[in-house]
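Read-outs: derived from the displayed coordinates by stated rules, not from any lab. No experiment lies behind these values; they were computed from the predicted model shown. Please note: Cβ atoms are built from the backbone with ideal geometry, for glycine as well, and neighbour counts cover all protein chains shown.
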Amino acid sequence: MADQLEVAVVSAERSLWSGKAKSVSAKTPEGDVGILRGHEPMLALLVEAPLRIELEDGTKIFVAVHGGFFSVDSDKVNVIAETAELAEEVDLERAQAALARAKSEADEQDLSALRRAETRIQVAGVAKGVRS
Amino acid sequence: MGAQLRVYRRRIRSVQATKKITKAMELIASARIVKAQNRLHASMPYLTQLVDAVSAAASHASDVSKHPLTAQAENQVRAAVLVITADRGLAGAYSSNSIKEAEALTRNLDAKGMKVVPYVVGRKGVSFYRFRNRVMGGEYVGFTDQPTYAHAKEIGEDLLKAFMTPTAEGGVDEIHVVYTNFINMASQETKVRRILPLEVVDEVMDKSDDGGKNNPFPLYEFEPGPEEVLDALLPRYVEQMVYLSLLTSAASEHAARRRAMKSATDNAEELIRSLTRAANAARQAEITQEISEIVGGADALSA
């Protein structure tokens, strides 16, 4: 058995990140899930939220995922997101502008734009916090 | 300088200018083919993962064939055809091949008694249908040379919406895509694929039957549940199919344009060569004439 998780994050357009990690935490429609080594096989949907990958040396990688799913099988974690961005790729200003716009429009039906912007800001925010 | 010679020289300059343009377009297209291919390759991991997950979910969900996206309507009244053409011309027969294929498919479906609603990608296709006053279900322009997933998602959502609308309210029962498959730099072929109702599940089920020994699906725990996972994944699969069609068509478009521009450049060279010949002959004729005039004049004086 591998002693670490093998994680791969792919979006529809490209592979974002892959490598070995200690743990992965993600948010599914039923709540937060943390995955460590030896997790049972699982296939779960993802909701708009930051995904956290923790490496062996304690570094944390944050990814903003927008829809998609992830599968866990024999210590391999595949995160498949429609669109996803690594924390350092998030354009914070644009996300904030999008958030303001989404809030002002306040469309009750469609909160997805709002959530998307919020997720991006969260991801960018925590990543900055970790780095400094 | 004689009038004839001047005309030749002018034409040579004009053809040279055209040649520069076509040569530049050829080079740009070659560079873009590679880029488009890279994008196609970059999206492959997503597709494989998605297909695996759909297969896994389908093998666990109860009665996949009843799923709204896989069920065949009993009497099919309307079909949507997504035609992928280019935004710009100068790409040889690329767009017209797609349109021709779409027209053939339309006749086919007509013969089966189905009404066809075209969904058109690319300005060339849109102007074709608009010129003939045919109603389009949707038109998407401005991105055919560099499609992104967001474009595919927009198209996919429209198609899914049309598919999920009951037939009585104007929904469609089948969705086909006409795209141009990129085989290699030299050959591309126009293809038709039916994306809805989904046929994938059958293929997928077969795979799980015979390939089961080599590569069994892990006993996944589904969250929230296999049906919900499948519900969420199948639309993604459709969108991915649209995305792949757009990408491979974009690569084909660039290849077609490169080829068209290469032959345009070759033709320009050929034209320049023959014009130069003619210009030289004209120049020589002029000199000869001048000499004979001088000689004639001298003879007249000495006589």
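Taking neighbour counts of Cβ atoms within 10 Å as a proxy for exposure, in what order, fewest first, do B:131, B:143 appear?
Ranked by crowding around the Cβ, least crowded first: B:131, B:143.
Over what distance in Å are the Cα centres of region B:27-83 and region B:255-303 separated?
59
Quick one: net charge of residue B:122's neighbours, Cβ under 10 Å, K/R +1, D/E -1?
Within the 10 Å Cβ shell, the charges total -1.
Using Stokes-Einstein with the Kirkwood hydrodynamic radius over Cα pairs, what translational diffusion coefficient do you get for region B:1-130 at 25 °C and a viscosity of 0.890 mPa s, in µm²/s rounded to a whole number? Kindly include the intermediate steps, with their values, before the conclusion.
On the way: Rh = 20.0 Å.
The estimated diffusion coefficient comes to 123 µm²/s.
Test of the criteria: in region A:19-74, which trypsin sites (Lys or Arg not before Pro) are in a DSSP loop and have at most 13 other Cβ atoms within 10 angstrom of their Cβ?
In loop regions of region A:19-74 (DSSP not H, G, I, E or B), the sparsely surrounded trypsin sites (Lys or Arg not before Pro) are A:37.
Report, by chain and number, residues whose modeled amide H sits under 5 Å from the one on residue B:61, excluding near sequence neighbours (fewer than 5 apart, same chain).
Residues meeting the criterion, in which the H sits 1.01 Å from N, do not exist here.
Cut-off is 10 Å between beta-carbons; in what order do A:66, B:41 appear when sorted fewest neighbours first?
B:41, A:66
Taking the Cα centre of chain B as the origin, how large is its charge dipole in debye, to the nearest 20, when only Lys and Arg (+1) and Asp and Glu (-1) carry charge on their Cβ atoms?
2080
What size of dipole, in debye to the nearest 20, comes out for the protein assembly as shown about its Cα centre when the only charges are +1 on Lys and Arg C-beta atoms and -1 on Asp and Glu C-beta atoms?
2760
Could you work out the mean count of beta carbons from other protein chains within 10 Å of each residue's beta carbon in B:49-55?
Shielding by partners across B:49-55 averages 4.
Compare the Cα positions of B:114, B:53, B:97 along the charge dipole of chain B (+1 at Cβ of Lys, Arg; -1 at Cβ of Asp, Glu; about the Cα centre) and return the one farthest towards the positive end.
The listed residue farthest towards the positive side: B:97.
Using Cα centres only, tell me the gap between region B:102-168 and region A:1-76 in whole Å.
About 37 Å separates the Cα centre of region B:102-168 from the one of region A:1-76.
Just to be sure I follow the definition: excluding the sites themselves, where is the longest run in chain B that has none of the trypsin sites (Lys or Arg not before Pro) in a DSSP loop with at most 12 other Cβ atoms within 10 Å? Kindly include the intermediate steps, with their values, before the conclusion.
Numbers: sites that count: B:112, B:132, B:213.
Value returned for the longest uninterrupted segment is B:1-111.
With springs connecting C-alpha atoms under 10 Å apart, model chain B as a Gaussian network and identify which of B:247, B:69, B:271 has the largest mean-square fluctuation.
B:271
Given charges of +1 on the Cβ of Lys and Arg and -1 on the Cβ of Asp and Glu, with all other atoms neutral, how large is the dipole of region A:1-123 about its Cα centre, in debye to the nearest 20?
The calculated dipole for region A:1-123 is roughly 120 debye.
Please list the non-local residues whose amide H lies under 5 Å from the amide H of residue B:83, H modeled 1.01 Å from N, same-chain partners needing a gap of 5 or more.
Counting only residues 5 or more places away or on other chains, the set is B:119, B:120, B:121, B:178.
Using only the Cα atoms of the protein assembly as shown, what semi-axes does the equivalent ellipsoid have when each is the square root of 5 times a gyration tensor eigenvalue? Give whole Å, largest first.
In descending order, the three semi-axes are 57, 29, 20 Å.
Please return the longest range in chain B lying between exposed loop sites, taking GluC sites (Glu not before Pro), DSSP loop only, at most 14 other beta-carbon atoms within 10 Å, and leaving the sites out.
That gives B:75-198 as the longest site-free run.
Would you mind ranking B:136, B:25 by Cβ crowding within 10 Å, fewest neighbours first?
Ascending number of Cβ neighbours within 10 Å: B:136, B:25.
How crowded by other chains is A:62-73, given as the mean number of beta carbons from other chains within 10 Å of each beta carbon?
Values: counts 0, 0, 0, 0, 0, 3, 7, 10, 3, 7, 3, 6.
That works out to 3 on average.
Over all directions, average the projected area of the Cα convex hull of region B:27-259 and note it in nm².
Working: hull surface 54.7 nm².
Spelled out: convex hull of the Cα atoms, projected over all directions, averaged, 13.7 nm².
Along the charge dipole of chain B, pointing to its positive end and built from +1/-1 on Cβ of Lys, Arg, Asp and Glu, which listed residue (B:27, B:86, B:142) has its Cα farthest out?
Among B:27, B:86, B:142, the one farthest towards the positive end of the dipole of chain B is B:27.
Nearest 0.05, what FRET efficiency do residue B:193 and residue A:76 give at R0 = 45 Å with Cβ-Cβ as r?
0.90
Work out the charge dipole of region A:5-87 with +1 on the Cβ of Lys and Arg and -1 on the Cβ of Asp and Glu about the Cα centre, then indicate which of A:28, A:5, A:80 is farthest towards its positive end.
Final value for the positive-end residue is A:5.
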